[in-house]
Amino acid sequence: MKNKIKIPFNKPFIAGKELFYIAQAVIENHHTAGDGPFTKKCQAWLEEHLGCRKVLLTHSCTAALEMAAILANIQPGDEIIMPSYTFVSTANAFALRGGVPVFIDIRPDTLNINENLIEKAITPHTKAILPVHYAGVSCEMDAIMDIAMRHNLFVIEDAAQGIMSTYKGNQLGTIGHFGACSFHETKNIISGEGGALLINDDKFIERAEIIREKGTNRSQFFRGQVDKYTWVDIGSSYLPSDIIAAFLYAQMENADQIIAKRNSIYDLYMKGLQPLADKGCLQLPFILDDCCSNGHMFYIITRSLEERTKLTEFLKERGIMAVFHYVPLHSSPAGKLHGRAYRTLDVTKKVSDCLLRLPLYYEMTNNDVHSVTKSIRDFYKNY
Ligand SMILES: *Cc1c(COP(=O)(O)O)cnc(C)c1O
């Protein structure tokens, strides 16, 4: 018989006012299409709290990445250096423009793009570097920005998991030319589906507004800057309904509390599992100096695939759901077709085989965390 799930992997958190704000959007504002009052509130909130020049709400992080690819003017054959250990959208957004993802290995400690390999992977076709802040933990941005500056490359931060994490005091997504955030149900701050494009250089704002509105100058028209609105550039429909923004705004009002709670769970995991790490049984997450994380994820890295499989089963028998993560993009069918690997990606392969994500959600109690850490300790007693 299958064991009942006692501690799921994720449980989307509802802050409280989501439905109230949706009702307000529908009944009071009479605005359910995009760019209504709640979209403006969310954008203003992000600009203020992240310290960003301009934020445009999108219907997903995927959409924000696609917009960034258009804004960076990616042409067929252009190369974009990125990790292989990431979500498909990181690469797909550029493949859609004929760009070639060049997959490089990750650091064994933060599991982020290995900045020491970037410069070696640059060719005359390289257009952009794409750091992904895995688990909401920052990449080594100073080194990455320095390389980009010297080679005249775009930096597009995939900050899908990184909302309200910082690198040397700067919010993730605000350091490169563009940043992309996600409000997908699996992230820290949610609206079911949702995202945002962070624009950190004023000269891209006007074109970004056009691309997001189907390639029209509709935003300028509404501001009275042009007297008719028409098709002026390529683009798509990248904006969310104001109903989605209403939901999201309720989450934003509780963002600090959500992130504090997630970080307290993260800290409890760290404390509970440190003895096993000291014994060399497993590897724990690592955050660079002068960086703050948002408690997006807690993972462990086991010594082998076999060990991870057995531990996953062991936890499942106790009603605890732990899950692995990405299949490396360089070894995926579309990754092989559209991209290429730079050298062998040994750390990526190891992490893909051995990383296990533990349950982490707002409503998780300290007792829940203790029962997960105790179960893992029990597993290693006999392994
Ligand atoms: C979740 C995620 C995305 C995609 O976000 P959506 O909002 O679902 O499009 C992209 N990149 C990374 C690293 C992610 O974790």
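Looking only at the range 90-113, how many residues end up being among the polar types (S, T, N, Q) and either free of Cβ contacts under 8 Å to residues at least 60 places away in the same chain or touching a Phe, Trp or Tyr at 6+ places or on another chain (Cβ under 7 Å) (or both)?
2
Please determine whether any residue of the range 180-203 is away from the ligand (no atom under 16 Å from the Cβ) and assigned to a helix (DSSP H, G or I).
Taking every residue of the range 180-203 in turn, at least one turns out to be away from the ligand (no atom under 16 Å from the Cβ) and assigned to a helix (DSSP H, G or I).
Which residue, of GLU18, GLU66, GLU28, is under 21 Å from the mean Cα position of the chain (by Cα), among the charged types (D, E, K, R), modelled with pLDDT of 95 or more and more than 24 Å from LYS120 (Cα to Cα)?
That would be GLU66, the only listed residue that is under 21 Å from the mean Cα position of the chain (by Cα), among the charged types (D, E, K, R), modelled with pLDDT of 95 or more and more than 24 Å from LYS120 (Cα to Cα).
Somewhere in the range 223-238, is a residue modelled with pLDDT of 95 or more, part of a helix (DSSP H, G or I) and not polar (S, T, N, Q)?
Within the range 223-238, not a single residue is modelled with pLDDT of 95 or more, part of a helix (DSSP H, G or I) and not polar (S, T, N, Q).
Residue-wise test of (1) touching a strand residue (DSSP E or B) at 6+ places or on another chain (Cβ under 8 Å); (2) surrounded by 24 or more Cβ atoms within 10 Å (Cβ to Cβ); (3) among the aromatic types (Phe, Trp, Tyr).
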site: LEU172; (1), (2), (3): yes, yes, no
site: PHE178; (1), (2), (3): yes, yes, yes
site: HIS184; (1), (2), (3): yes, no, no
site: GLY195; (1), (2), (3): yes, yes, no
site: LEU198; (1), (2), (3): yes, yes, no
site: ASP201; (1), (2), (3): no, no, no
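Report yes if some residue within the range 107-116 is assigned to a strand (DSSP E or B), among the aliphatic types (A, V, I, L, M), touching a Ser or Thr at 6+ places or on another chain (Cβ under 8 Å) and surrounded by 19 or more Cβ atoms within 10 Å (Cβ to Cβ); otherwise report no.
No; the residues of the range 107-116 include none that is assigned to a strand (DSSP E or B), among the aliphatic types (A, V, I, L, M), touching a Ser or Thr at 6+ places or on another chain (Cβ under 8 Å) and surrounded by 19 or more Cβ atoms within 10 Å (Cβ to Cβ).
Could you please let me know if ILE147 is in contact with a Lys or Arg (Cβ under 6 Å, 6 or more places away or on another chain), of a type in the set (A, V, I, L, M), at pLDDT 95 or above and farther than 20 Å from SER89 by Cβ?
It is false that ILE147 is in contact with a Lys or Arg (Cβ under 6 Å, 6 or more places away or on another chain), of a type in the set (A, V, I, L, M), at pLDDT 95 or above and farther than 20 Å from SER89 by Cβ.
List, please: which pairs have Cβ atoms under 7 Å, are six or more places apart or on different chains, and start with a residue in the range 148-165 that is under 9 Å from ASN188 (Cβ atoms) and end with one that is among the hydrophobic types (A, V, I, L, M, F, W, C) and assigned to a helix (DSSP H, G or I)?
From residues that are under 9 Å from ASN188 (Cβ atoms), the pairs are GLN161/ALA135; MET164/ALA255; MET164/ILE259.
Can you tell me which condition VAL369 does not meet? The list is (1) within 22 Å of the chain's Cα centre (by Cα); (2) surrounded by 13 or more Cβ atoms within 10 Å (Cβ to Cβ), and all the others hold.
Status for VAL369: all satisfied but (1).
Inside the range 146-157, can you point out the residues that are farther than 16 Å from LEU117 by Cβ and away from the ligand (no atom under 16 Å from the Cβ)?
MET149, ASN152, PHE154
From the residues in the range 64-100 that are away from the ligand (no atom under 13 Å from the Cβ) and in a strand (DSSP E or B), which one is farthest from ILE210 (Cα to Cα)?
ILE81
Quick check on my filter: what residues within the range 40-63 are more than 16 Å from the ligand (Cβ to nearest atom) and of a type outside the set (A, V, I, L, M, F, W, C)?
Scanning the range 40-63 gives LYS40, LYS41, GLN43, GLU47, GLU48, HIS49, GLY51, ARG53, LYS54.
The values are calculated or read from the model by the stated rules, or taken from the named source; none is laboratory data. Note that the structure is predicted; figures quoted are calculated from it, not measured. A quick note on method: Cβ atoms are made from the backbone with ideal geometry, for glycine too, and the neighbour counts reach across all protein chains shown.
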